[in-house]
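Below: the structure, in structure tokens.
The values are calculated or read from the model by the stated rules, or taken from the named source; none is laboratory data. Please read all numbers here as calculations on a predicted model, not as lab measurements. With ideal geometry, Cβ positions are generated from the backbone for all residues, glycine too; neighbour counts draw on all protein chains shown. Heavy atoms of the whole protein, side chains included, go into the accessibility calculation; ligands, DNA and RNA do not. Shrake-Rupley method; radii C 1.70, N 1.55, O 1.52, S 1.80 Å.
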Amino acid sequence: MTALLLAGCADENPEYDYAIPGKICGVSVAPSDVKPLLPPGESVRVDSSESLSRPGESRSCGVIVDKRPDLAVSVSRQRGELDIAEKAGDKYINLERIPSLGEGVTSAAVGNDGAVAWMECTPKPGQRQYEFPESKEGKYGYLALEIHAGDGIKEPGNMEEWRAHIERFLRGYVPELTKVWCM
């Protein structure tokens with residue numbers, strides 16, 4: 001009987017035997033915004049990749065729990081205005097536009113499996129300014145953010161609550177992202 005009670009408690013309070021990341025892609029993030037997007041497990045690793053031929057132009061990171069990718073973040077510099085909430089619809093399930101994420105964010109949306117944002121972003125001095133630096137063509141002025149969540153949590157019990165967690169992560173991540181990538 002005691003074993004059954006303990007087993008029931010374990011299911012209600014899953015074990016997180018790892019530290020929740022406080023940085024993803026070099027951007028600070030509140031662990032309380034990350035934890036709801038990750039499943040319980042024994043270990044966590046944050047992998048990062050950046051183009052070696054064009055550093056500072058894009059970066060992708062994955063949060064991997066017990067060898068399973070559960071949260072992916074991609075950031076890329078862009079040259080022109082785009083309504084990412086409209087254009088990314090085929091990459092996400094039930095992508096819906098959300099109210100402003102703050103100054104400079106021109107488009108944002110949340111779906112069942114992630115979120116997107118498009119924002120004005122002048123690169124800081126020392127960061128890549130142009131798509132073609134040799135000729136100073138293709139001046140960067142925007143930043144695209146794509147988030148994919150839920151690979152390890154295939155079907156959340158409450159989709160409305162799950163989407164709220166994704167939106168909370170997005171709202172916390174964007175201001176910190178612009179501090180790192182933009183003037």
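To the nearest 10 square angstrom, how much accessible area does residue 122 have with a 1.4 angstrom probe?
Residue 122 exposes around 70 Å² with every protein chain in place.
Which FRET efficiency, nearest 0.05, do residue 28 and residue 135 yield, Cβ-Cβ r, R0 45 Å? Before the final figure, lay out the partial values.
Values: r = 35 Å, r/R0 = 0.78.
Once rounded, the FRET efficiency stands at 0.80.
Roughly speaking, to the nearest percent, how much of segment 84-183's 1.4 Å accessible area is carbon and sulfur?
Values: 2490 of 5220 Å².
Reported share for carbon and sulfur atoms: 48 percent.
Place a +1 charge on the Cβ of each Lys and Arg in segment 35-99 and a -1 charge on the Cβ of each Asp and Glu, then give the dipole magnitude about the Cα centre in debye, rounded to the nearest 20.
160 debye
Using 18 Å as the cut-off for backbone N distance, which residues of segment 61-104 belong to the label zone defined by a point 7 Å from the Cα of residue 180 along Cα→Cβ?
61-65, 70-78
Put +1 on the Cβ of every Lys and Arg and -1 on every Asp and Glu Cβ in the chain; which of 32, 108, 89 then has its Cα farthest towards the positive end of the dipole?
Value computed over the given set: 108.
Against the longest alpha carbon principal axis of the chain, how many degrees, from 0 to 90 and to the nearest 10, is the axis of helix 2-12 turned?
20 degrees
At 1.4 Å probe size, put 103, 146, 42 in order of accessible surface, largest to smallest.
The most accessible residue leads, giving 103, 42, 146.
Ranked highest first by average number of other Cβ atoms within 10 Å, how do 107-118, 24-35, 70-81 line up? List each step's numbers first, then the result.
Numbers: 107-118: 23.9, 24-35: 17.1, 70-81: 18.7.
Answer by packing, highest mean first, reads 107-118, 70-81, 24-35.
Please work out how much length the chain gains when fully extended from residue 124 to residue 87, using 0.36 nm per residue of separation minus the C-alpha to C-alpha distance, in nm with one decimal.
Gain in length upon complete extension: 10.6 nm.
Determine, at each q value in 0.08, 0.10 (inverse angstroms), the log₁₀ of I(q)/I(0) that the Debye formula gives when each Cα of the chain is one equal point scatterer.
With one equal scatterer per Cα and no solvent, log10 I(q)/I(0) is -0.28, -0.43.
For segment 38-183, give the magnitude of the charge dipole about the Cα centre (Cβ charges: +1 Lys/Arg, -1 Asp/Glu; no others), in debye to the nearest 20.
Roughly 460 debye for segment 38-183.
For segment 27-134, what log10 I(q)/I(0) values come out of the Debye formula at q = 0.22 1/Å, with one point per alpha carbon and no solvent?
For segment 27-134, the Cα-only Debye profile gives -1.36.
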